[in-house]
Structures are given as C-alpha cells and as structure tokens.
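Enquirer: Handing you this structure, nothing more for now.
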Amino acid sequence: MDILYFPRFCVLRGVAVLAAAGCAWPALAADSGALFRQLGQMIEQTGRAIAEDQRRQEEQEQRAAENARREGEQQAQREREEAARQRQQQEAVRQEQKQSLQALAPPPEYQGRIVIHKRLLGMQEAGSARPDFDITARGTASISPDGAWLAFEATDGQIMLRDAASGKDRALPTRVPSGQSSRTLAFVGNEALLVSDLKNGSELVDLQGNSLRTLPPGGYFPWPKEVGGRYVVEHLRMTEFDKGRRCLGVNYYDARGAEQGGVSVDDADACAARIDDQGRQEFFAQKDGVVSYFVNGAKAGEFRGDDRRPADQYKRLDYRWIGNTPYAYSEMGDWSNPSHRLRVWDVAQGKMLCELPGHVFGIPYADKKGNLVMAQPAVRLSLPACSMVRVGNGNERLHSWGEQAYLHDEQTGTVDVIDTSTWQRRATLQTLHRKSPQDSSYSGAFQERPGHPDQVLVTSYATSSRIPAQLFDTKTGQLLRTLPAGRFQAGYIIQQDLLTGQSYNWRTRLWRFAYDDGAGKSAAVFLAALTKDKFETSVEYRKRLAALTLPHTMKVALQDYDADRGMFIGTWRDVPVMVPLPPAQARQFADATAMSVMGELRVIDEDYLELRNASVTTPAGQALTLVLPDGPAPKAQARPQAAGARDGGSAQASSGAPAARASSGQGSGGRCTGTMAHLAPQLRPYTNPLLAEVRKEALQIDIASTLAKVKAGGGNAEVLRQQADQSDQAARDSATTANQSDGGGNSITRADNGTLPLNWPCEGIHSSAVCNYITMRWQALLTREIASLYATCQGG
C-alpha cells in the first residue's frame with residue numbers, strides 16, 4: 001500500500017516530533033522505505049528514552065521508600081530509647097521515693113506499739129493514688145477557673161466538654177476545623193471556651209455550643225486574661241509566619257465576644273500589648289525604626305526605637321512589657337550569641353535606659369509587688385538607674401512571682417525563701433527537686449497556694465520529670481504534703497505527658513486537692529505545734545509536748561499476720577506499720593485487705609508519734625479496743641536521722657574543738673595567732689575535690705585576722721555561737737534529706753563515727769546531701785572554735 005504524501009499537511013499519526021522532519025524534507029517521501037526506517041529508529045530511541053525515564057523514576061521511588069523505611073526505623077528506635085530513658089528515670093525516682101519512705105519506718109524498740117513518723121501526717125499517697133480524671137486526647141486538657149469543666153480534643157477530633165461533678169462528656173460544636181495539629185483550648189472565665197488553630201483561626205463559643213465570635217489566623221493565638229476579676233480575650237494580630245510575622249495591631253473582647261477596644265497598625269516590625277486590672281490598654285509598635293505608643297486606642301507618643309537588624313531571616317526584633325511597670329525590653333532573638341543584649345526602655349518617656357546581657361534566664365520580669373528581678377544570675381534590678389544587686393551567692397535561680405521569692409539551688413534541691421520586703425532569708429526548704437544531666441530544659445517551679453501565701457507547691461518543669469510535687473510551710477520550712485508530680489490549677493494537681501508514637505497524643509491526669517478538709521487542718525495545726533517557740537523554755541516545751549494529742553484515723557493496708565507476735569503487718573501511706581491484735585480477734589480480718597484504726601496521736605520522740613487509746617473497726621462494723629503497752633515508750637537507739645538531727649549532734653561538734661586543742665598542745669587557754677590547722681584531726685581528709693578544698697581553706701584560716709574582722713564587724717562570741725547553731729540546723733536539714741534517700745546505708749551515722757569512705761562522691765541526691773551535712777558540721781565546728789578563741793583572746 002502506497003503512502004500518500006501531502007506537502008501542505010504532514011500527518012504522522014501521533015509522532016508529532018517527526019512532523020517537522022517530514023515537512024522540511026519533501027524528498028524523503030520518494031523513498032518510503034528510508035522514511036519508515038528513520039521513523040522506526042526515532043520511535044525506538046524515543047521508547048528507550050521513555051523506558052530510561054521510567055527506570056530512573058522507579059529507582060527514585062525505591063530510594064525514597066528505602067529512606068522513608070530507614071527514617072521510620074530510626075524514629076522508632078529514637079522513640080524506644082526515649083521511652084527506655086523515661087522508664088529508667090521514673091524507676092530511679094520510684095526507688096528514691098521507696099528508700100525515703102523506708103527510712104520513715106519505726107525502729108524495732110517500738111515493736112508492739114502503733115507508731116508512725118510525723119512526716120507521714122503531711123503526705124498523700126502520691127505514688128499509688130488514682131487520679132480523679134485520666135484523659136488521653138490530641139492535646140492537653142484545659143480546666144475552667146472554678147474547676148467545674150474540662151475541655152479536650154478527643155482522639156476522633158471532636159471538642160469534648162466534661163462536667164467535673166458528674167464525669168459526663170458532651171461534644172461542643174465549633175467552626176474551627178480539625179487539622180494535622182491539635183487545636184488549642186482555653187477557658188475564658190467559667191462561661192466560654194476559646195478554640196484556636198494556627199492555620200484556621202479561632203472561635204469563641206459559650207458552654208452551650210453557641211458561637212460568640214470568630215477570629216482570623218495569625219502568628220499568635222488569642223488568649224484569655226483575668227483583668228480586675230473579669231476575663232477578656234487579648235488578640236495580638238500578626239501576619240502568618242510564612243509572611244514574615246508582621247504586626248497588625250491588637251483587639252480585646254469580653255467573655256461574650258463583645259469588642260472592648262484595640263489599635264490597628266500597618267505591617268509593623270514589632271509590637272507589644274497589655275491591659276491592667278483597671279482596663280487600661282497600652283500598645284506600642286515599631287515600623288522603620290519609629291515607635292508609636294498608644295493608650296486606650298489613642299496615640300500618646302512617638303520615639304526612635306531599637307535600630308538593630310536581625311542577624312538572619314529566622315530572627316526578628318521583639319518587644320516585651322516588663323510586668324505592669326512603665327518599662328519594656330527589646331531583643332533580637334539571638335539567645336545563643338554571647339554578645340546578644342537586651343535593651344531596656346521607658347516607653348512613656350520614649351527613651352532607652354540601658355543594655356543588659358541577653359540570655360534566656362537573664363530576662364527581667366516584675367513580681368506582683370513590682371520588684372524587678374532576673375532569674376540567673378539571681379539579681380534585683382533597679383530602674384531607671386539600671387543598677388543590679390546580687391541576691392544569691394552562687395549559681396542559684398531566682399523565682400519571684402508571688403508574695404515571697406525563692407532562691408533555688410538546682411544541684412542540691414535547697415530553696416531559700418526570701419522576704420521581698422527586706423530581701424532577707426525567711427526559711428530554708430530541702431526539696432527533692434534537682435536538675436539531672438538528662439534534663440537540659442529543667443526548671444523548678446514555685447506556686448503559692450491560692451489564699452494561703454505561706455504554703456508553696458514546689459514542682460518542676462522538665463521533659464521527663466517525675467519528681468513528686470511537695471507542699472511546704474514557708475514560715476517553718478516544714479514539708480506538709482507530698483503530691484503527684486504536677487502543678488496547682490483550679491483546685492487540682494494537674495500532670496500532663498506527651499505519649500510518643502505515631503499518634504503523639506497527650507495524657508492529662510488530675511487529682512483533686514482537698515487540703516481544706518478538717519483532718520488536714522487539724523494535722524497542720526498539730527505539726528506546727530511540734531516546733532519549739534523561741535520564747536518557750538525547754539521545760540515548758542517538753543511539758544506542752546507531753547499534753548499534745550491529735551485524734552487520728554488511718555486505713556492500714558494489711559499484708560500479713562504474725563501469729564507468734566500477735567500482730568498484723570501492714571502499711572500506711574506505703575510505710576510499714578504494726579497493729580497488735582491477738583489471733584482470736586485477728587481471725588475476723590481473715591478476708592480483709594485493709595483495717596481502719598483510730599485513736600489519739602502523742603509524741604514519743606522528735607521523729608515519731610504513737611497512737612494511744614486505739615481501736616479498730618471489724619468487717620462487721622463493730623469497734624474493737626486494742627490492748628497496747630502502758631507507760632512511756634522505750635527510748636530508741638540513735639538512728640541515722642537522729643545522728644544529725646538531735647542536740648547530741650551539735651554537742652559532738654562543739655565538744656570536738658577543746659579535744660582537738662588539747663591533743664595539739666594548745667591547752668584550754670587557746671592560741672591567738674597561727675591558723676586553724678590544729679583542727680585537722682576533726683576534719684577527715686576526704687578526696688572529693690569539693691570537700692578537699694573546703695577542708696584546705698578551713699585549716700588555713702588565720703586566727704588573728706579572723707578575730708580582728710569579727711571585732712571590727714561588731715561581733716562577739718555569742719553571735720558566733722548563734723551562727724554555729726544555724727550551721728547545725730543546716731546540717732540537720734541535710735541529714736534529713738540524706739536519710740530519706742539512704743536505703744539502709746546509714747551514711748550520716750558513718751560520717752559521724754568516721755567510717756564513711758574517704759573517697760565518698762558528692763554527686764546525686766543522697767551523696768550530695770551527705771557532703772552538705774559534712775561541710776555544715778565542719779562550719780559549726782570552726783565557728784564554735786572561733787567563738788572560744790574570741791572569748792579568750794578578745795575577752796568578749
């Protein structure tokens with residue numbers, strides 16, 4: 001069959017690329033065989049090219065699939081390693097808690113009596129107590145200010161509202177669609193919920209599901225604020241992050257969505273907003289180097305602002321108000337750069353005051369009293385003078401958000417409570433909250449109990465912290481409660497955990513905090529009464545303690561029965577306790593797992609309380625009086641805690657100085673020159689660098705110059721002895737911490753009797769507490785020696 005050739009129309013049936021060739025060279029049409037051969041070759045080449053492209057694409061897809069598989073395996077391995085690390089840390093904390101509770105078990109001398117450690121009165125069963133609510137959701141659960149409602153985004157994407165009283169859930173409709181990330185939920189008072197998503201904007205809905213207002217997306221979420229007893233929503237309007245995050249202004253809305261004022265600006269470089277308790281709105285924004293300042297929506301001033309330029313596209317100029325003070329600071333986000341500086345501004349006056357070192361913990365903030373402070377180094381800041389005064393002596397971190405300030409040594413867990421009216425130490429707390437090497441994000445947190453500013457909850461912010469929260473009395477330094485790891489909010493202790501895995505859901509657990517029950521109040525009053533008043537004589541104190549009682553009921557978990565000794569073996573708050581009961585009566589509890597024991601607590605020594613006039617309630621509901629030993633309890637032998645906590649510890653430290661002087665030939669009259677080297681036998685030569693350096697410096701103290709400094713400073717022997725007493729108290733506090741984490745090693749006793757290994761480490765919770773105990777005992781010894789020398793050499 002001949003192929004027709006049309007010179008005006010070249011039709012090569014789909015091989016469009018050959019059309020030009022056919023049209024360009026008409027002579028080829030005369031040789032149809034050559035044309036077909038050329039066509040075949042070109043089609044073959046085209047086929048090979050297509051096949052090669054397909055092969056490359058398949059190889060790329062295979063490589064991508066292999067990379068995805070490897071990344072998935074690596075991610076799974078990272079998750080397994082992180083989960084294993086968290087389990088290891090949790091187990092370490094659990095073991096530490098277990099050891100600390102074991103240290104509270106009564107000594108064998110009290111066998112046959114119902115005896116508990118006084119610290120147990122201030123504890124809750126933090127480790128075993130079941131939470132009141134346990135919620136797994138796409139994000140963290142939110143709680144209303146009155147604690148009546150919980151809100152969370154369920155794993156199926158619905159916004160759920162839970163009635164805390166009934167525990168019932170209901171879905172809350174919203175116009176903000178569910179995205180790849182969870183939506184942020186925040187209650188606006190007790191009547192509305194703010195639902196926010198970074199890409200889809202925000203909606204304010206009431207708790208009946210009615211939409212009150214929708215807000216556009218931006219670089220920041222709108223957020224509720226309590227203002228003078230009412231709640232408002234502050235919406236700092238920003239362009240989205242991918243558009244440079246420019247500031248567009250601020251708007252305020254009440255809890256029903258009604259607009260309460262605001263300011264609009266045109267693509268500002270940076271801005272900051274605030275509203276005070278009187279409703280005064282302040283806003284300022286910088287554009288092209290000029291700052292415009294607004295009060296209640298009206299422009300109040302203009303000045304040249306921060307003229308620095310960010311180091312790269314990922315950093316930007318930012319302003320922040322410093323509390324409710326007239327001041328603000330600006331920064332460039334270059335926190336890792338040692339040369340980074342914060343600039344401090346008087347906004348109303350329109351001028352820069354000074355520059356401050358620009359690191360995260362050095363950001364100035366204002367407490368509720370208006371004091372300006374920085375966390376680390378711990379300093380007080382005076383503005384507009386820009387002068388700074390150190391609060392701590394070391395690398396402690398300062399927290400000052402409430403009525404008191406808290407100076408936290410994150411290595412030892414020691415916290416000094418600071419009275420911010422005088423900036424003097426009020427009390428010292430010995431906490432469990434220490435920074436571990438794995439938690440680079442660690443920070444202690446201090447929440448004063450609402451309505452009870454003399455009680456503070458000490459907790460931690462850390463990626464994997466499982467350190468229990470601790471409630472302290474800041475007047476006495478006494479531990480009142482040990483609670484689940486978490487924070488105070490709306491009458492609950494709240495704990496939140498990110499669940500690793502494909503879903504990345506959050507688990508929120510909540511425990512109702514019922515400290516205001518009658519038993520709690522009575523126990524707190526009783527524990528406070530155990531402290532000796534400084535105006536009370538020792539005879540008066542002992543007489544008062546002998547008459548002190550507390551009606552008490554406890555539910556003992558039964559573990560076993562010892563028929564030979566005629567007593568149940570059980571636990572109360574995870575600490576062993578014995579309940580004497582003859583076999584004939586004990587048979588009534590054969591199938592029981594717990595026993596209710598009631599009576600009156602009395603003091604039997606400085607650590608332990610005995611339940612007298614006791615009875616138990618049988619499974620049939622009858623009261624059964626217990627037959628307990630009469631008369632005073634036998635005196636227990638010295639225990640690890642007693643070694644550093646009793647007056648005998650102080651006596652030992654003070655009696656060591658004369659003995660050392662006598663053995664060194666110094667005599668009772670003392671020597672008024674030279675060094676303290678004669679105390680070397682009293683200071684054991686530990687090899688740890690910290691203890692070795694403290695010992696070296698102590699023995700090199702020049703006696704004459706030290707006595708002269710004491711005299712010049714208006715001191716005397718009595719003042720020195722008081723300082724020694726304070727060192728003894730610090731040693732007792734450290735001994736308590738050490739004994740709580742000892743696990744039966746009797747480290748404090750061994751430190752006292754000289755059997756503690758000389759290569760003792762000073763790392764970890766227990767070991768560092770022992771080292772602190774040693775240094776405080778050394779300090780007491782040295783101070784008493786100086787007091788003795790002062791009385792001899794200076795005559796006063």
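Enquirer: Considering only Cα-Cα distances, which of the following residue pairs are longer than 28 Å: LYS118/LYS635; LYS299/LYS351; LYS534/LYS635; LYS199/LYS287; LYS98/LYS555; LYS199/LYS299?
Expert: LYS199/LYS299
Enquirer: If we sort 466-472, 327-333, 694-700 on the protection proxy, mean other Cβ atoms within 10 Å, highest first, what's the order?
Expert: In decreasing order of mean packing, 466-472, 327-333, 694-700 become 466-472, 327-333, 694-700.
Enquirer: What FRET efficiency would be calculated for the residue pair ARG170, ALA557, taking the C-beta separation as r and a Förster radius of 45 Å, to the nearest 0.05?
Expert: 0.75
Enquirer: In nm, give the distance between the simple-model label positions of SER387 and LEU758, each being 7 Å from the Cα along the Cα-to-Cβ direction.
Expert: Each label point lies 7 Å from its Cα, and together they span 5.0 nm.
Enquirer: Separate question: Tell me the label-point distance for the pair ARG684, TRP423, using the 7 Å Cα-to-Cβ offset, in nm and rounded to one decimal.
Expert: Here the modelled spin labels are 4.0 nm apart.
Enquirer: Summing +1 for each Lys or Arg and -1 for each Asp or Glu, what net charge is found among the other residues whose Cβ lies under 12 Å from the Cβ of LEU611?
Expert: So the environment of LEU611 carries a net charge of +1.
Enquirer: While we're on this one: So how exposed is MET374, as accessible area in Å² (1.4 Å probe, rounded to 10)?
Expert: MET374 has an accessible surface of roughly 10 Å² with all protein chains in place.
Enquirer: Toward the positive end of the charge dipole of the stretch 677-794, about the Cα centre and with charges on Cβ (Lys, Arg +1; Asp, Glu -1), which of GLN723, THR792, ALA738 goes farthest?
Expert: THR792
Enquirer: Moving on to the next point. Quote the charge dipole size of the stretch 677-794 about the Cα centre in Debye, to the nearest 20; the model charges only the Cβ of Lys and Arg (+1) and of Asp and Glu (-1).
Expert: 220
Enquirer: Can you give the FRET efficiency to the nearest 0.05 for ALA76 and GLU240, using r as the Cβ-Cβ distance and R₀ = 45 Å?
Expert: Calculated value: 0.85.
Enquirer: Heavy-atom accessible area of LYS225 with all protein chains present, probe 1.4 Å, nearest 10 Å²?
Expert: Taking all protein chains as shown, LYS225 has close to 80 Å².
Enquirer: Report, in debye and to the nearest 20, how large the dipole of the stretch 397-485 comes out about its Cα centre when Lys and Arg carry +1 and Asp and Glu carry -1 on their Cβ.
Expert: 180
Enquirer: If you count only protein heavy atoms and use a 1.4 Å probe, how large is the accessible surface of ARG256, to the nearest 10 Å²?
Expert: Rounded to the nearest 10, the figure is 120 Å².
Enquirer: Starting from the residue with the highest accessible area, list ASP630, ASP752 in decreasing order, probe 1.4 Å.
Expert: Reading off the accessible areas and sorting them downward yields ASP630, ASP752.
Enquirer: Evaluate the distance, in nm, between pseudo-label points positioned 7 Å from the Cα of LYS225 and of GLU302 along their respective Cα→Cβ axes.
Expert: Calculated label separation equals 2.5 nm.
The values are calculated or read from the model by the stated rules, or taken from the named source; none is laboratory data. Predicted model only: the values in this text are computed from it and were never measured. Reconstructed Cβ throughout: ideal geometry from the backbone, glycine too, with neighbour counts over all protein chains shown. Accessible surface is based on the protein model in full, side chains and every heavy atom, while ligands, DNA and RNA are left aside. Shrake-Rupley method; radii C 1.70, N 1.55, O 1.52, S 1.80 Å.
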